[in-house]
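Notes for the one structure printed next.
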Amino acid sequence: MMHFFNEYPIIKWVLVGFGILYFLDKYGIFSPVDNLINRIGRYKFKSNAHLNDPKLKEVIEYFNKKQFSNVEQSLKSMSASQRSFAFESLGQYGETKITDEWINKEPNNDLPKLIKGYQFIHKAWEIRGRGTIDTVSNEKQVAFKKQLKKAEEVLISIQTNSFYKVNSVACLLTIYKAINVNREHVHQLFEDAVKSAPDDAELHKTYMAFVSPKWGATEEEYKNYLNRINDWSHFIQQLLLAQYYFDLNYFHDYQDEDGKIEDLMLDVKANPIESSNLHRFELYKLLYWTASNLEMNEFEAYYKQMALPYLED
């Protein structure tokens, strides 16, 4: 073997190079795979949390101008779904240095802490990307989880009686689906929050992900939650079913032979959702993606249009 390497030294150094790259990727230092994939490209879409909605864009403007009292007043005047998208907008477009300044200025105020949590989570997902786990390198996994741990640290400091408690629990659910955690504790977090906000779409959306087997949950956890679907409002049922069918098609190649997905799409199309419910855009996005995967061309065109301006691809 040594004779072979002596005769062909270039192969020896190629193998040494692969060994070094493996070590760098394994310990989250650098990923050559990521760089290759980034060059080739993936399906990309842009998600606009502010929806080009004047009220949501106004909150971002207040925040970046450090008009903190206006931010707080505006958020408290919003509906639950508007507030969810406002927080996502501040996570996506808010200056993190301004959040730190606000926290230092008002250390007992839960609001800037929550905004900081959303910002950490947004950064985490920017690092990780939206693909399945097999597309995420060790380098990205390490950086992703570091951001999530930072978010958890700031979010668990929010008071249990906070006006924003439901939003903070939804954020924690997003974090806990991706890291090792006491799962009974997380189930209890959801149960406590859903008592006060049974139809909060952000809460249900994030808990649905937490109990999904695609994030490492057990089938029992998943079934226990889905078996309660009739306890929630019609819209929440539609949102959960849309996620369920998308996953069923994406991960198990479910082809809707029994027409259940088509029935859901027809139901949503026939019953307009109130314009104040901004989570409808999340529902439309899921139905658009599912229709596209199943080549349901008429529904694909309809739900793609309905998902604008939240989703641009």
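Quick notes on this one:
- As for region 114-128, it holds at least one residue that is of a type outside the set (A, V, I, L, M, F, W, C), out of contact with any Ser or Thr (no Cβ under 9 Å at 6 or more places or on another chain) and open to solvent by 70 Å² or more (accessible area, probe 1.4 Å).
- Matching entry among TYR284, TYR302, TYR244 (being at pLDDT 95 or above, open to solvent by less than 20 Å² (accessible area, probe 1.4 Å) and part of a helix (DSSP H, G or I)): TYR284
- The set of residues from region 47-93 being in contact (Cβ under 8 Å) with a residue 40 or more places away in the chain, under 15 Å from TYR164 (Cα atoms) and not in a helix (DSSP H, G or I) comprises just one member, SER79.
- Single match in TYR254, TYR250 (criterion: part of a loop (DSSP other than H, G, I, E, B) and open to solvent by 30 Å² or more (accessible area, probe 1.4 Å)): TYR254
- Candidate set from region 136-163 (those that are touching an Asp or Glu at 6+ places or on another chain (Cβ under 9 Å) and touching a residue at least 60 places away in the same chain (Cβ under 8 Å)); member that is surrounded by the fewest Cβ atoms within 10 Å (Cβ to Cβ): PHE163
- Qualifying residue in region 95-106 (condition: open to solvent by 30 Å² or more (accessible area, probe 1.4 Å) and either under 17 Å from the mean Cα position of the chain (by Cα) or within 29 Å of PHE281 (Cα to Cα) (or both)): yes
- Scanning region 151-185 for residues that are among the polar types (S, T, N, Q) and under 26 Å from SER79 (Cα atoms) gives SER157, GLN159, THR160, ASN161, SER162, ASN167, SER168, THR174.
- Filtered by the rule that a residue be open to solvent by 40 Å² or more (accessible area, probe 1.4 Å), more than 12 Å from LEU286 (Cβ to Cβ) and assigned to a helix (DSSP H, G or I), region 227-241 gives ASN230, ASP231, HIS234, GLN237.
- Of the listed requirements (1) at pLDDT 50 or above; (2) part of a helix (DSSP H, G or I), ILE20 misses just one: (1).
The values are calculated or read from the model by the stated rules, or taken from the named source; none is laboratory data. No experiment lies behind these values; they were computed from the predicted model shown. Because the Cβ atoms are built from the backbone with ideal geometry, glycine has one as well, and the counts that use them run over all protein chains shown. Side chains included, ligands, DNA and RNA excluded: accessible areas come from the protein's heavy atoms. Shrake-Rupley method; radii C 1.70, N 1.55, O 1.52, S 1.80 Å.
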